[in-house]
Every structure is written in C-alpha cells, then in structure tokens.
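Worksheet: one structure, shown below.
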Amino acid sequence: MAFSATEREQIRSFLGWPAARYRQSDALDQALDTVSADRPESETIARSLMAEIVELDGDIKAMLKHAAKATTVGSIEQRADYQKAALDKRGRDLIQRLANLFGVPWYSGYFNAGPAPYIDSRAARGPYEIVEG
C-alpha cells in the first residue's frame, strides 16, 4: 500500500526536507514511490520506524514536562539532561535508519538541539558521507 500524503509529509518532516522547497524533494518522492511500488517489506519497516519516532517524541515531551517541575533539584536536573540526551540519540539513530532505508540524506536535527548532520553535497549518488556541521 502506497504511503499516504500524510505519511509522506511526516517522512519529509522527520528527514528535514522542507515543505517550502517541495520541488527540490524529487529525490525523496522518487524514493518513496520506488519503495511503495517495488519493496512492500521496506514500506512496512518504514512505517514501523515512523511509529517508533512518534512514540519517542511523545516520551521526550512527557519527560520534559516532568523534568521542568524538578529543575530546582540539581541531581534530578542532571539525570533529566542525561535521559534527554539518550532519547535524542535514539531518535537520531531511528531517523538515520529511515534515511538509509530510502537512500536519501536527512537534513534536520529533529532530535538534536545542536547543528544537524548533513550530507556533503559533493557526494555522488550511493553511500553518503555524513558530515557534522
């Protein structure tokens, strides 16, 4: 079953492909079409990854809601920061797996307050080099 318009936008959002530059996302749209048409098992994996990302995002929001109430206690604040960093790393790992599944780069720091990794524009098609920037 092909990705719905909502799923496509969700994937675009997770990978940091801006909706405003929709025409520039032809590579992503082509990858989504190819997976939907030729690789139904990969489409299932993509949906599973997306569900994990959404669940993890909810976990982070819930954790931050409770951590905000405990910021006056130094040790609890540190543990909340550590937990947030661990959840962010898991989120980045899931997004990287989603990007790898489609063979496209991811551009945003969806689970990262710092600079997002990006794909070196000089890289040829195929395996991409992740460059921290």
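Nothing in this text is a laboratory measurement; each read-out follows from the coordinates by a stated rule. Fair warning: this is a prediction, and the values are worked out from it, not measured in the lab. Please note: Cβ atoms are built from the backbone with ideal geometry, for glycine as well, and neighbour counts cover all protein chains shown.
Scoring 4-14, 35-45, 86-96 by mean Cβ neighbours within 10 Å over their residues and listing the highest first yields 86-96, 4-14, 35-45. Gain on full extension, evaluated as 0.36 nm per residue between Asp38 and Glu55 minus their Cα-Cα distance, stands at 3.4 nm. The fewest-to-most ranking of Asp26, Asp57 by surrounding Cβ atoms within 10 Å reads Asp26, Asp57.
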